[in-house]
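Here the structure is laid out as structure tokens; the discussion comes afterwards.
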Amino acid sequence: MSANGYDQDGCHQHDPHELGDHHGHRDADSDWVAMADLLEVQGETNSSYVRQALAELDYRSPRRILDIGSGPGVAACQLASTFPGAEVIAVDNAPELLIRAEERAKRLGVRLGTRTAEFPDGVADVGSADVVWSAQVVHHVGDQQAALHQLAGLLTPGGVLAIAEGGLPSRYLPRDLGFGRPGLQERLDAAMADRFSQMRDELPGSVAVAEDWPGMLRAAGLTEVRSRTFLVDHPAPLDDGPRRLVRLVLERYRQAVGELLDAEDLTTLDRLLDPLDAAAVDRRQDVFLLAATTVHYGRRAGR
Ligand SMILES: C[S@@+](CC[C@H](N)C(=O)[O-])C[C@H]1O[C@@H](n2cnc3c(N)ncnc32)[C@H](O)[C@@H]1O
């Protein structure tokens, strides 16, 4: 999930869903599939950032749109409802997530196709598109610059690539919870940042690159490159959806970086997650959700 600079939340590179198991195709799939609920609730909670980002696409009446690494298809369905005249295809290497995307599209009454493909090499045969959207996926590929070349190569002349990478780590918790050592969220973020670096180092074919996303889009041959950051702000007290997201995220933190925390922080985190504790995230009135996601756009010359 995601987020140095930070990448989404949507999902940020340092958000906990960003740590899939990348040691093998099957394991990676299993991991993302296990996080399907988290990805879906997160997509729904942060849907306003996608709505704002699509309003900035600057492409009139696209005929074909790809969402590369769509997960359970929350953004793909937004694309489909925003551009009802377009053929929208959700692409992911986890067929289980694409089934969820299909079910979601049916439920919402939008037209969505799906394709199982391994990014980057496997997407070459999904065909070209006027708009390619890819959120929190490029940083899961060893060679990020090569991945961007691959995405740029899918564009029709004049087509637009939009990638969500970077932004700020999401915030959920007040600095002082009234128990435990203040500043837990910052320490969780630091632990996730370490895990994220480890994840990148262990990716097959990992290539170190300065994560200058606009520069990387230009290096992929795109023009009119620009970046916009979109805020998602759910103030306290939270409604049920964002509150469920906070629980899912903290459960994932517990699993992903629990062993990196000291005993006091671990006790604090466990209290937040104990449904019988009056201080748990399910009941607290002071839990909020604040996320800033950056989307980088570039256009293929021509048309
Ligand atoms: C962090 S999630 C992002 C999901 C969605 N784009 C969003 O913003 O919520 C990463 C997604 O990319 C998919 N994915 C990761 N590596 C992939 C690869 N090499 N090829 C295809 N899909 C991949 C995962 O299955 C997962 O659905």
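With a Förster radius of 41 Å applied to the C-beta separation of residue 194 and residue 58, the computed FRET efficiency comes to 0.65. Of all DSSP beta bridges confined to the chain, the antiparallel ones make up roughly 50%.
Among the protein heavy atoms, those of residue 267 account for about 80 Å² of accessible surface (1.4 Å probe, every chain in place). A protection proxy built from the mean count of other Cβ atoms within 10 Å ranks the segments 77-83, 271-277, 194-200, most packed first, as 77-83, 194-200, 271-277.
Could you give the length gained on full extension between residue 251 and residue 301, defined as 0.36 nm per residue of separation minus the Cα-Cα distance, in nm?
Details: separation 50, 0.36 × 50 = 18.00 nm, distance 4.47 nm.
Extra length from residue 251 to residue 301 when fully extended: 13.5 nm.
The share of Cα pairs per 10 Å bin across the chain, counted from zero up to the longest distance, runs 7, 29, 36, 20, 7, 1, 0 percent. Rolling a 1.4 angstrom probe over the chain with all protein chains present gives an accessible area of which 51% lies on carbon and sulfur atoms.
Annotation: amide H of residue 159 within the under-5 Å range of 300, sequence separation 5 or more or interchain, hydrogens built in the peptide plane.
When each of the peptides 160-171, 248-259 is scored by the mean number of other C-beta atoms lying within 10 Å of its residues, the order from highest to lowest reads 160-171, 248-259.
For the chain, the mean residue ellipticity at 222 nm estimated from helices alone is -12000 deg cm²/dmol, where every DSSP H run of n ≥ 4 contributes -39500 (n - 2.57) and the total is divided by all residues, rounded to the nearest 500.
Straightening the chain between residue 181 and residue 264 buys 29.1 nm, computed as 0.36 nm per residue apart minus the Cα-Cα spacing.
The orientation-averaged shadow of the Cα convex hull for region 136-230, equal to a quarter of the hull surface, comes to 7.5 nm². Working from label points 7 Å from Cα in the Cα-to-Cβ sense, the residue 128 to residue 226 distance is 2.4 nm.
Calculated accessible area for the chain comes out at 40 Å² per residue, all protein chains present (probe 1.4 Å; ligands, DNA, RNA ignored).
Each residue of region 209-223 is assigned a 3J(HN,Hα), and the resulting list reads 8, 5, 7, 8, 4, x, x, 5, 5, 5, 5, 7, x, 8, 10 Hz, derived from the Karplus form 6.51 cos²θ - 1.76 cosθ + 1.60 (θ = phi - 60°), x at Gly and Pro.
Spin-label model, residue 285 to residue 209: label points 7 Å out along the Cα-to-beta-carbon direction sit 4.9 nm apart.
In terms of accessible area, using a 1.4 Å probe and ignoring ligands and nucleic acids, 32, 213 rank largest first as 32, 213.
The values are calculated or read from the model by the stated rules, or taken from the named source; none is laboratory data. A quick note: this is a predicted structure, and the numbers were derived from the prediction, not measured. Neighbour counts are summed over all protein chains in view; Cβ atoms, including those assigned to glycine, are modelled from backbone coordinates with ideal geometry. Keep in mind that these areas ignore ligands, DNA and RNA; they rest on the heavy atoms of the full protein, side chains included. Shrake-Rupley method; radii C 1.70, N 1.55, O 1.52, S 1.80 Å.
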